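The values are calculated or read from the model by the stated rules, or taken from the named source; none is laboratory data. Only a predicted model underlies this, so the values are computations on that prediction, with no experimental measurement involved. So basically every Cβ, Gly included, is an ideal-geometry build from the backbone, and we count neighbours across all protein chains shown.
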Amino acid sequence: MYCFCAKKNSPWVFLLFLNGGKVVNDDCTRRLMFTSRRHRPAGGEELMIPGGAKVIDSFMNATTVDDFYSGTKAALAGGTTMVIGHVLPERNESLLEAYEKCRNSADSKACCDYALHIGVTWWGPKMEKLVRDKGVNSFQMFMAYKDMFMLRDSELFQVLQHCKDIGAIARVHAENGELVSEVRDLLGITVCKVVHGETTTAHTVLNGMQYYHQTGLMQLPIDTLNVVGSDHRPFTVKQKAMGKDDFTKIPHGLPGIQDRMSVIWERGGMCGKMDENRFVAVTSSNAAKIYNLYPRKGRIIPGADADVVVWDPEGSKVISVKTRCREVILTRMKVCALPGVPIVTISRGRLVYENGMFTCAEGSGKFCPLRTFPDYLYKKMVQREKGIISTQIKQNATQVNNHLPFTHTSYPTGISAPPPDQHCSSDTKTAHLTNYMTSPDGGLAQTNRRLNAK
């Protein structure tokens, strides 16, 4: 028997009895069958998987068709039970004000759990307050969209360093905004796919035989890419028509959240490129780990949030305008059949979606504050810095033992080597080496102690 509760101090406990069938996590599959006090689906080979977790973005100063109500309903219909919304302030707009504006809108509309991450369009001092007081643990910077959201190199460096100091996650939209601006008029519409550790629903499903870099389709199965985002930005035909005379004015984006998991199952699971465990990892568990939600989200275990999806791997659905949560959404994937569908979606123990019917109320979703210094990212960083320090110590110890003069490259910036003709004992040299390696002025060891202390 598995016992899930919405929160540790919650007076409500939701009991889910798992017996037979299959329960799938990112690292194992157990033959069980899902039943509960409130719902008992038919038996068979359905997969009980953790609810999907990922980012749902909207920006470019265009108002998307979806708000937090219709957007999170679409997420639940697709098997996603946790979204992270993208707050993008205007240039020089207060990050804190943009956050509060989005929270005020989302709290009364969201149907599933949500969190927020902030776009940094200029360097300001509010990042630490958002991390400390508002439950934000990630920031996004842009190397594209010149004169709109793009940061200068000096600003980007400052933000990246500050993210490390406060334990936040730095997301970078990696392009060369200067060059894009220069050649845009010369080349017209330029097809350019940039892979930066995350792909989207649209990029996975659309036929790109005429494009380059098709090897990117294999990066999810072989672990090069870790997560699949929705990049959910739905617009109407009328909104897209704003760019009929100038393509640069076309609002960027396609809908993706409702079909995200089915697309990955069709392109990965049904083709034999990934098993059900890898499917859970790229649609749920890895995102939960990166954003410090795991194992509360992204895993079916006792004590986790009761976010469970009953997934039918043999079922199918048709993507069309009529099956959207908003009928006016424009999509290039319309009239397309996909295998793999969520039959039932349960969010924090509540049955919120079953066979096309919603049972969730507007505003029933909860805001989830995100903790900083996620182990999934920062442990690797600390270990890497320890390795760098260890290598430097070994190299300099070898120089001491061989009575070689210290080279400038063996010392951190600002510390000079002793003159070659200066005579000193090995003990003296070792003491000098130990002193600068354990407490340098801004060196790696100091950074390492700061990370461990937090």
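Residues considered: 104, 92. Of these, the only one that is without any contact (Cβ under 8 Å) to a residue 24 or more places away in the chain and loosely packed, with under 15 Cβ neighbours inside 10 Å is 104. Among residues of the stretch 337-361 that are free of Cβ contacts under 8 Å to residues at least 24 places away in the same chain, those with a Cβ under 7 angstrom from a residue that is of a type in the set (S, T, N, Q), sequence gap 6+ or separate chain, pair up as 337/316. Evaluate the following for residue 111: is it assigned to a loop (DSSP other than H, G, I, E, B), in the same structural domain as residue 307 (by TED's automatic domain parsing) and at pLDDT 90 or above? Yes: the conditions hold for residue 111. Taking each residue of the stretch 18-31 that is within 17 Å of residue 307 (Cα to Cα) and not assigned by TED's automatic domain parsing to the domain that holds residue 301 and looking for partners that are modelled with pLDDT under 85 and among the β-branched types (Val, Ile, Thr) with beta-carbon atoms closer than 9 Å, six or more apart or interchain, yields nothing.
Taking residue 73, is it surrounded by 23 or more Cβ atoms within 10 Å (Cβ to Cβ), of a type outside the set (Gly, Ala, Ser) and not in a strand (DSSP E or B)?
Yes: the conditions hold for residue 73.
Residue 325 meets all of the listed conditions (1) under 30 Å from residue 237 (Cβ atoms); (2) at pLDDT below 90; (3) of a type outside the set (Phe, Trp, Tyr); (4) assigned to a strand (DSSP E or B) but one, namely (4).
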